[in-house]
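Asker: The structure's right below; bear with me while I get my questions together.
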Amino acid sequence: MPVTRAVALTLALGAAGFMLALSPQPPDPPPAAEPALAQAYANATVQDTPGALADGSAYSPLYFVGATRSVGTAPSGDQVRLLLRDGGIERELRRVPQNASTEFAGFTSDGTTLAWVELSSDPDGAARGGIWAARLDGGTPRLVTADTGAVMLFDRQGDLALHDGQLSWMADTGRPGYSAIRTVPLSGGKPVVRELAGGYAIGAWPWLVGEPVADTGAIELNNPRTEERILVGVQPGELMSCSATWCRSLIIGSTESSTVIELVRPDGSERVRTVTGAVSSAITDVAVLDRFEVYTRSTQGLITTRVMLYDLKTRSLSLVTANAGRVACRGGVLWWSTGDNETLTWHALDLRTL
């Protein structure tokens, strides 16, 4: 905020002198580092979801199908409910004991079907897994398969891929240096297992993304359908992560405020510097919808999180919010929280509408 100084000019006018204070208009404040979301996108609409249900239960969204429709968990006595919530309408998908330590993850949807991974443990500690699916327009959720193998989750959009009427995920083979793609029809059946040398996560199906390999200085993109492979070079001191179409390069400088983030095509072309400073990527996925990056910027002396959106289409940065708690993005929907306890609110922006 600019500091305005009041300038007082005292004039003696006869025996009844008086003081006249002149207060010039303060200069215009300097422009913000990034324009507000509403300035950058006239049609940007943020939808709010209360952090509590009608019965007072705390609600934790795990996935947004759209800006107003979400999937999340809420406690109910000694059980946990998985709910599909749209405004004031709540549809219960699953109810599991709290002591099963169930993890719901890998949510994905094609607009008609919602699918997810369920991992839990028996009272004796034995691990259990399942791939579940439900129609968004109603009906009873169903177990697609319990033959999941050792599911590998990377906190990425591709943790569970819905494609061609099938569901695919990565699993650990138990063999060092190998991983496996498991694929099952959405209608159910026995998964088809394909082992691969190396460790991979699913990017945009059918592309797989490998982890950086120290001795080669490269990340491998692998299309097992066509056997095509792309090696993405990684420079010393560079942290690189990739999708099928873009790679994010992060170089941490000598100070906290000298980080540089750039995007580049896997073949090394179209390198663009997106943001610098005390910044970091807010999500694991690179270039959501092949267009958006989500960043956070820390502000010295303030315990707040600024969330920024970089648009590859316009090559510009905008401010989503100056004060966020948790930040997440899946399926083209970005969401974040503000407040806590009674004031907890979730805010969602459908990036597909921008």
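Asker: List the strands (runs of 3 or more DSSP E) inside segment 184-276, counting only whole elements, that have at least 3 residues being of a type in the set (Val, Ile, Thr).
Answerer: Where strands (runs of 3 or more DSSP E) fall fully within segment 184-276 and carry at least 3 residues being of a type in the set (Val, Ile, Thr), they are 259-264.
A quick yes/no check of all residues on (1) in contact (Cβ under 8 Å) with a residue 40 or more places away in the chain; (2) touching a helix residue (DSSP H, G or I) at 6+ places or on another chain (Cβ under 8 Å); (3) not charged (D, E, K, R):
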position: Ala58; (1), (2), (3): yes, no, yes
position: Pro61; (1), (2), (3): yes, no, yes
position: Val65; (1), (2), (3): yes, no, yes
position: Ser70; (1), (2), (3): yes, no, yes
position: Asp86; (1), (2), (3): no, no, no
position: Glu92; (1), (2), (3): no, no, no
position: Val96; (1), (2), (3): no, no, yes
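Asker: Would a scan of segment 46-53 turn up a residue that is open to solvent by less than 30 Å² (accessible area, probe 1.4 Å) and of a type outside the set (A, V, I, L, M)? Lay out the reasoning, then the answer.
Answerer: Start the filter on segment 46-53 by keeping residues that are open to solvent by less than 30 Å² (accessible area, probe 1.4 Å), which leaves 49, 51, 53.
Those still in the list that are of a type outside the set (A, V, I, L, M) too: 49, 51.
Within segment 46-53, one or more residues are open to solvent by less than 30 Å² (accessible area, probe 1.4 Å) and of a type outside the set (A, V, I, L, M).
Asker: While we're here: Please tell me if Trp246 is open to solvent by less than 20 Å² (accessible area, probe 1.4 Å), among the aromatic types (Phe, Trp, Tyr) and under 20 Å from Ala36 (Cβ atoms). Full working, then the answer.
Answerer: Values: open to solvent by less than 20 Å² (accessible area, probe 1.4 Å): yes; among the aromatic types (Phe, Trp, Tyr): yes; under 20 Å from Ala36 (Cβ atoms): no.
Considered against the rule, which asks whether it is open to solvent by less than 20 Å² (accessible area, probe 1.4 Å), among the aromatic types (Phe, Trp, Tyr) and under 20 Å from Ala36 (Cβ atoms), Trp246 comes out as no.
Asker: Determine whether Gly72 is touching an Asp or Glu at 6+ places or on another chain (Cβ under 7 Å), surrounded by 15 or more Cβ atoms within 10 Å (Cβ to Cβ) and at pLDDT 95 or above.
Answerer: Spelling it out, it is not the case that Gly72 is touching an Asp or Glu at 6+ places or on another chain (Cβ under 7 Å), surrounded by 15 or more Cβ atoms within 10 Å (Cβ to Cβ) and at pLDDT 95 or above.
Asker: In segment 310-342, which residue that is of a type in the set (S, T, N, Q) and either modelled with pLDDT under 95 or closer than 17 Å to Tyr59 by Cβ (or both) is least open to solvent (accessible area, probe 1.4 Å)? Explain how you work it out, then say what you get.
Answerer: If we filter segment 310-342 for residues that are of a type in the set (S, T, N, Q), which is where we start, we get 314, 316, 318, 321, 323, 337-338, 341.
Applying the additional criterion that residues be either modelled with pLDDT under 95 or closer than 17 Å to Tyr59 by Cβ (or both) yields 323, 337-338, 341.
Details: Asn323: 87, Ser337: 10, Thr338: 37, Asn341: 126 Å².
Across segment 310-342, the extreme among qualifying residues is Ser337.
Asker: Thr148: among the hydroxyl-bearing types (Ser, Thr, Tyr) and out of contact with any Gly (no Cβ under 9 Å at 6 or more places or on another chain), yes or no? If you could, list the steps in order and put the result at the bottom.
Answerer: Numbers: among the hydroxyl-bearing types (Ser, Thr, Tyr): yes; out of contact with any Gly (no Cβ under 9 Å at 6 or more places or on another chain): no.
No, not satisfied.
Asker: Just the residues that are outside any loop (DSSP other than H, G, I, E, B), aliphatic (A, V, I, L, M) and surrounded by 21 or more Cβ atoms within 10 Å (Cβ to Cβ), please, taken from segment 145-161.
Answerer: Listed by number, the residues that qualify are Val151, Ala161.
Asker: Right, here's the next one. Going through segment 249-265 one residue at a time, which ones are out of contact with any Gly (no Cβ under 9 Å at 6 or more places or on another chain) and either hydrophobic (A, V, I, L, M, F, W, C) or open to solvent by less than 40 Å² (accessible area, probe 1.4 Å) (or both)?
Answerer: Residues satisfying the conditions are Ser249, Leu250, Gly253, Ile261, Glu262, Leu263, Val264.
Asker: Could you list all residues from segment 273-288 that are open to solvent by 20 Å² or more (accessible area, probe 1.4 Å) and either basic (Lys, Arg) or over 12 Å from the mean Cα position of the chain (by Cα) (or both)?
Answerer: Arg273, Thr276, Ala278, Ser280
Asker: Looking at segment 104-116, which of its residues are out of contact with any helix residue (DSSP H, G or I) (no Cβ under 7 Å at 6 or more places or on another chain) and either crowded, with 16+ Cβ neighbours inside 10 Å or at pLDDT below 95 (or both)?
Answerer: Taking segment 104-116 as the starting set, the residues that turn out to be out of contact with any helix residue (DSSP H, G or I) (no Cβ under 7 Å at 6 or more places or on another chain) are 104, 107-116.
If the condition is that a residue be out of contact with any helix residue (DSSP H, G or I) (no Cβ under 7 Å at 6 or more places or on another chain) and either crowded, with 16+ Cβ neighbours inside 10 Å or at pLDDT below 95 (or both), then Phe104, Phe107, Thr108, Ser109, Thr113, Leu114, Ala115, Trp116 are the ones that fit.
Asker: Which one of the conditions (1) loosely packed, with under 14 Cβ neighbours inside 10 Å; (2) without any contact (Cβ under 8 Å) to a residue 24 or more places away in the chain does Gly268 fail to meet, given that it meets all the rest?
Answerer: Going through the list (1) loosely packed, with under 14 Cβ neighbours inside 10 Å; (2) without any contact (Cβ under 8 Å) to a residue 24 or more places away in the chain, Gly268 breaks only (2).
Listed here are the residues, each with its yes/no results for (1) of a type in the set (D, E, K, R); (2) open to solvent by 10 Å² or more (accessible area, probe 1.4 Å); (3) without any contact (Cβ under 8 Å) to a residue 60 or more places away in the chain.
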site	(1), (2), (3)
Leu119	no, yes, yes
Asp124	yes, yes, yes
Ala127	no, yes, yes
Thr140	no, yes, yes
Ala180	no, no, yes
Lys190	yes, yes, yes
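Asker: Further, regarding this structure: Right, Ala161: at pLDDT 95 or above and more than 28 Å from Arg91 (Cα to Cα) or not?
Answerer: Here the answer is no, as Ala161 does not meet what is asked.
Asker: In segment 207-220, what count of residues is obtained for those that are within 20 Å of Leu153 (Cβ to Cβ) and either open to solvent by less than 20 Å² (accessible area, probe 1.4 Å) or in contact with a helix residue (DSSP H, G or I) (Cβ under 9 Å, 6 or more places away or on another chain) (or both)?
Answerer: 5
The values are calculated or read from the model by the stated rules, or taken from the named source; none is laboratory data. These figures come from a predicted structure and were not determined experimentally. Backbone-built Cβ (ideal geometry, glycine too); neighbour counts: all protein chains shown. Accessible surface is based on the protein model in full, side chains and every heavy atom, while ligands, DNA and RNA are left aside. Shrake-Rupley method; radii C 1.70, N 1.55, O 1.52, S 1.80 Å.
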